[in-house]
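Here, each number is a calculation from the coordinates, and none is a lab measurement. Because the structure is a prediction, the values reported are computed rather than measured. Glycine also receives a Cβ, built like all others from the backbone with ideal geometry; neighbour counts cover every protein chain displayed.
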């Protein structure tokens, strides 16, 4: 009688071929086939085996029975991870990358049950999220705001920044292979806005086999999500398509733990702190190989969001209310062509993005449910942004010497009621040159320059230098020195927002922001035995900004944007990771210091925040790949300045904990996989914290409060993969 086993990857449930299964009692060796199947002859009821496969954990003295599915965990993930950002259509091993890149893989996305980009970024200690219950989630990297962060999907710009930042809760994670975060300036490669860092979302390339998936997610705060997708091929042309709907019913402090949508009476309860929203999204990807010479990749993403902000009943009779409706449409299309031969490679990227956002205010009759349209300039607003990009980069390699050169053209048109005159446009064309050299696989050097011709601003020459020294097989030292820049946006240049409550005007004389950045990273990786991996990293950085753009008072009633001079951000991030048998552990620490530019005696020269992050995974039943995950984040108190009777005083935003737990287990059903996960978010039940200042920010709960989350919740996630 033969025993039948199945060997799969714990990372993505894919089949593992050529895994070696050794029967301990007899010494018989069996090898898994392409489907991961193993047939063991002369099977006995009590059978113990050893399972080995290069690149995966070794399982020793494992009790098995016929029909078991065995999951192996990759132990060498750091060395097998590939980086796409900055490599122009190619990929590069993470261990060989000079830039400081942090990878968020599919396994981490699944273990956290993250639904959008904001969900997964909150587990990164050097990234801070700022929540607006009505307008979304903004991010900062190492203390630098979202307008200094470049957001990309497959190398294409994500457009639609509102108030300087893109709402990362609008970016879903369907069909995402990994997320790459590069800390530090990337203006050499990606131009404006890449001062603090770059986040690039890498989509899955359509596979050769027909596949399908369906996912559903629910959370006790009133979230109900569903998505599905399908992929196949027509001859050599591969494609996949997916679509989904995310729904959130709104939330108020004091809601019951197991909250569900319900009709409410027309009193103060109709207005919620976290506004109801519905998101519809879809994407289509096409992959066309060109013999052995390259490929063509087409991507189309469509997103539509509606947010309803219901107002409080108006005095004296509570019969009417003012309701705001926010609608966002984002349509992004891109084509990437990669052509490769022995001497020179070519990368061509073209993209077009359409962003449309409206805000409409209506007078709601709470007795008849009829609505009336208001006509004030602050009541009806439309923003339209059209963005296009065309980039060509070639790569020539002569042994250890490599050259990249190319041209990058970007154009953006902005139209809306709050912009002076008709629609305004900005365009630029950049010339890029990069040279890199590898010395006997010990020292890598890269130097590059970018020269930009801008339609509105003068951009200085942007140089960049990077070096990577391999001290030994286990320790790397990386050093980067680079300039970066941010050109003022069209709103900062031409905004005209004047009504009974506002008097804000743009400044066409604004200069570009620029920064000088220095970064030193020391990384160590070492494998101990067959089942353990040790990883550590220390990253210190120094950023000096010039001509920072901010909103300032011209007089008692009028505000405009101005360049305010210099500012400095410095810090140190550290990381320690251990994979040992059933246990995975990662601790991260971030110390962020921003300079005090107020010039007031008695205040510290730097404002410092310390954040801590601890993620751990325990493989409760390795054979079934049942995992328990724990995530601990402590966000330290944040200093700032408040004025009391015109006297500057130092105040602090309170520190707080965000603690999540989850469990997940895949179940193999013939050729399909059912991934089930559940858990609890925000065990500390933090919904808002005291800031110590009168914030005056729209949509916050009250003066001196900062909104954090919807409190403690429980979630369930189910994913079926065919």
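Packing-based ranking of 475-481, 192-198 yields 192-198, 475-481, ordered from highest to lowest mean Cβ neighbour count within 10 Å.
With 10 Å bins beginning at zero, the pair-distance distribution over Cα atoms of region 323-460 amounts to 10, 24, 23, 17, 12, 8, 4, 1 %. Taking a ≥ b ≥ c as the square roots of the Cα gyration tensor eigenvalues, with a/c under 1.5 meaning rounded and otherwise prolate when a/b beats b/c, else oblate, which class fits region 172-220? Judged from the Cα gyration tensor, region 172-220 comes out oblate (a/c at least 1.5, b/c at or above a/b).
Helix content alone sets the calculated 222 nm mean residue ellipticity of the chain: runs of n ≥ 4 DSSP H residues at -39500 (n - 2.57) each, divided across all residues, give -500 deg cm²/dmol.
Fewest neighbouring Cβ atoms within 10 Å first, the residues 66, 605 line up as 605, 66. log10 I(q)/I(0), Debye, Cα-only region 379-522, no solvent, q = 0.09 Å⁻¹? The computed values of log10 I(q)/I(0) come out as -0.45.
Each peptide among 426-432, 279-285, 111-117 gets the average number of other Cβ atoms lying within 10 Å of its residues, and from highest to lowest they stand as 111-117, 279-285, 426-432. Taking the DSSP bridge list for region 3-72 and keeping only pairs wholly inside it, about 80 percent are antiparallel. The peptide list 552-561, 217-226, put in order of mean Cβ contacts within 10 Å with the highest first, becomes 217-226, 552-561. Normalised by the number of residues in the chain, the mean separation of alpha-carbon contacts (under 8 Å, six or more apart) gives a relative contact order of 9 percent.
For region 205-302, the relative contact order comes to 26 percent (Cα pairs under 8 Å, sequence separation of at least 6). Measuring nothing but alpha carbons in region 3-72 and taking Rh as the Kirkwood radius, the Rg to Rh ratio lands at 0.92. Note on 414, 585: ascending count of other Cβ atoms within 10 Å places them as 585, 414, the fewest first. When both bridge partners sit in the chain, DSSP labels roughly 95% of those beta bridges antiparallel. Remark: spin-label model distance residue 449-residue 331 equals 4.2 nm, labels positioned 7 Å along the Cα→Cβ axis.
In percent, rounded to a whole number, the relative contact order of region 3-72 is 39, using alpha-carbon pairs under 8 Å and six or more apart.
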